[in-house]
Amino acid sequence: MTHDERETAEAAAPRPRARLIDVAHAAGVSPKTVSRVINDESGVLPDTRERVQAAVRDLGFVPDRSARALKRREADTVGILIDAISDPFFAAFVSVVEELAVAEGLSVIFASTGYDAARERTQLDRLTGHRLAGLIVAPVAVAAATLAGLRTRFPVVSVDRVRSGIDAVVIDDFGAAAEATAALIAQGHHRVAFMGEDVPYPTVSDRLAGYRSALEAAGLAFDPRLVVTHERFGRGEAAEASRLLERDDAPTALLCATSLAAIGTVRAIRAKGLRMPALISFGDFTLADLLEPGITYVDHDPRLLATAAFRLLRERAVRPDAGPERIVVPTRLVPRGSGEVPAASADADELENFGRDAGTGPHPVHGSASVAPPSTDLPVLAEPDPSLVATALSLTHPEPTGAAAGPAGASIGARP
């Protein structure tokens, strides 16, 4: 065969079909980057995008549309990014989402942020590397723009905190904390302390604002010395709580802004053998009903938030262009005894028994009827209607960006 004949035969031979990996090698990028370019996704630099597009043209690459459709149908996993699985609230939340997902033939993978912005970025990358049917996230520092980019790939629902333009399921932290504080004030408590956590999102600060609003409504001055913050109430003995309750002018009532703050506070009180004042926890925790008296709590039921978040996620899979929607799940104050102790009529001997042996029934109170035992027929919270949308919460917050996206640098109140 002559040289001319060989060239003619090679020209007539069919050119092998270019693969995605061939485009990646030609453009000097990863296959994932090529996939993002051909799917017109964000997160690719303009120069890189042009280089990939040039390689696509030069190689005559044609995406396999049938394979892409098959892959989309295989997206059967719900991703969940939460603060910590050790948090009783989020442990229950994940359990309910998993139950609902399994019922629809879906699986669940979850990761935790540990309340840290850098770890949140890493965990978000790991989760979104999977083929997800949707993502439920309790954001720490991730910006709305990042979640909006993910929303082009799969539904995204934010829980417990709000991001502009993103579907969200929340509670009214401000209103619930104001109601709980007002309940303590109604029992005659004029020195109510706030036990919170230093966290880089507005959940606790909204509850602090509700606490201050209730004080103002009752004509009581806000005392920053009665606001105790701790990096993580679930770790250590919450020494600040002990020091506060050992003072001569110790508060007679406590509002614990999270269940972890309540657990740490009760642990510190018991460890020091201190008298336990009236107490309301924002959120329930294991064995709280077995203490004496049982711990009164604000019920922001994780079952309802999980149900609402999952249903909204699945609705967005069908109607991706709808929204964004904000669902506000109702709360209630559940009395068990600790939040109903009057200030003026409880003497030292009676208060010394708080939090000791369970099972002896509530202690009598001078000048009034006994503290009622917790009701066994509390009303069941109705599941939220997906159409329940808040017009606005009372507080607004800037989106975290740049350095502001990191952990909060200042506490929400003075330490005693």
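The values are calculated or read from the model by the stated rules, or taken from the named source; none is laboratory data. Being a predicted model, the structure only gives us computed values, none of them experimental. With ideal geometry, Cβ positions are generated from the backbone for all residues, glycine too; neighbour counts draw on all protein chains shown. For accessibility, only protein heavy atoms count, side chains too; no ligands or nucleic acids. Shrake-Rupley method; radii C 1.70, N 1.55, O 1.52, S 1.80 Å.
Assorted remarks:
- Within segment 325-362, considering residues that are at pLDDT 50 or above, of a type in the set (A, V, I, L, M) and not in a loop (DSSP other than H, G, I, E, B), the one surrounded by the most Cβ atoms within 10 Å (Cβ to Cβ): ILE327
- Selection status of ARG126, part of a helix (DSSP H, G or I) and either over 18 Å from the mean Cα position of the chain (by Cα) or surrounded by fewer than 21 Cβ atoms within 10 Å (Cβ to Cβ) (or both): yes
- When THR113 is tested against the conditions (1) open to solvent by 10 Å² or more (accessible area, probe 1.4 Å); (2) within 25 Å of PHE285 (Cα to Cα); (3) at pLDDT 90 or above, the lone failure is (1).
- Restricting VAL159, VAL96 to those that are under 20 Å from THR258 (Cβ atoms), at pLDDT 95 or above and open to solvent by 20 Å² or more (accessible area, probe 1.4 Å) reduces the list to VAL96.
- Residues in segment 168-177 include at least one that is crowded, with 22+ Cβ neighbours inside 10 Å, over 30 Å from ALA218 (Cβ atoms) and under 18 Å from the mean Cα position of the chain (by Cα).
- Just one residue in the set GLY234, GLY210, GLY294, GLY264 is modelled with pLDDT of 85 or more, touching an Asp or Glu at 6+ places or on another chain (Cβ under 9 Å), closer than 24 Å to PHE89 by Cβ and of a type in the set (Gly, Ala, Ser); that residue is GLY210.
- Failed item, numbered, when ALA54 is tested on (1) within 28 Å of THR146 (Cα to Cα); (2) open to solvent by 60 Å² or more (accessible area, probe 1.4 Å); (3) more than 42 Å from the chain's Cα centre (by Cα); (4) among the small types (Gly, Ala, Ser): (2)
Quick grid of which residues meet (1) among the polar types (S, T, N, Q); (2) in contact with a helix residue (DSSP H, G or I) (Cβ under 6 Å, 6 or more places away or on another chain):
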{"position": "GLU98", "(1), (2)": "no, no"}
{"position": "THR122", "(1), (2)": "yes, no"}
{"position": "ARG126", "(1), (2)": "no, no"}
{"position": "GLY134", "(1), (2)": "no, yes"}
{"position": "ASP167", "(1), (2)": "no, yes"}
{"position": "GLY188", "(1), (2)": "no, no"}
{"position": "VAL192", "(1), (2)": "no, yes"}
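- When SER158 is tested against the conditions (1) in a loop (DSSP other than H, G, I, E, B); (2) in contact with a strand residue (DSSP E or B) (Cβ under 6 Å, 6 or more places away or on another chain); (3) not aliphatic (A, V, I, L, M), the lone failure is (1).
- Restricted to segment 296-324, and to residues there that are assigned to a loop (DSSP other than H, G, I, E, B) and open to solvent by less than 30 Å² (accessible area, probe 1.4 Å), the residue that is nearest to ALA133 (Cα to Cα) is ALA322.
Here is a yes/no grid of residues against (1) more than 21 Å from the chain's Cα centre (by Cα); (2) farther than 14 Å from VAL298 by Cα; (3) in a strand (DSSP E or B); (4) not basic (Lys, Arg):
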| site | (1), (2), (3), (4) |
| --- | --- |
| GLY165 | no, yes, no, yes |
| GLU179 | yes, no, no, yes |
| LEU184 | yes, no, no, yes |
| ALA193 | yes, yes, yes, yes |
| SER205 | no, yes, no, yes |
| ARG212 | yes, yes, no, no |
| LEU215 | yes, yes, no, yes |
| ALA221 | yes, yes, no, yes |
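- Residues satisfying the stated conditions in segment 1-38, i.e. open to solvent by less than 70 Å² (accessible area, probe 1.4 Å) and modelled with pLDDT under 80: ALA9, ALA13
- Residues (closer than 21 Å to ARG332 by Cβ and out of contact with any strand residue (DSSP E or B) (no Cβ under 8 Å at 6 or more places or on another chain)) located in segment 179-193: ALA182, ALA186
- Within segment 166-182, one or more residues are modelled with pLDDT of 95 or more and of a type in the set (S, T, N, Q).
- Test: residue in segment 241-254 that is open to solvent by 10 Å² or more (accessible area, probe 1.4 Å), basic (Lys, Arg) and touching a residue at least 40 places away in the same chain (Cβ under 8 Å): yes
- Residues that are farther than 24 Å from ALA143 by Cβ and hydrophobic (A, V, I, L, M, F, W, C), drawn from segment 98-130: LEU100, ALA101, VAL102, ALA103, LEU106, VAL108
- Scanning segment 265-295 for residues being without any contact (Cβ under 8 Å) to a residue 60 or more places away in the chain and not in a strand (DSSP E or B) gives a total of 9.
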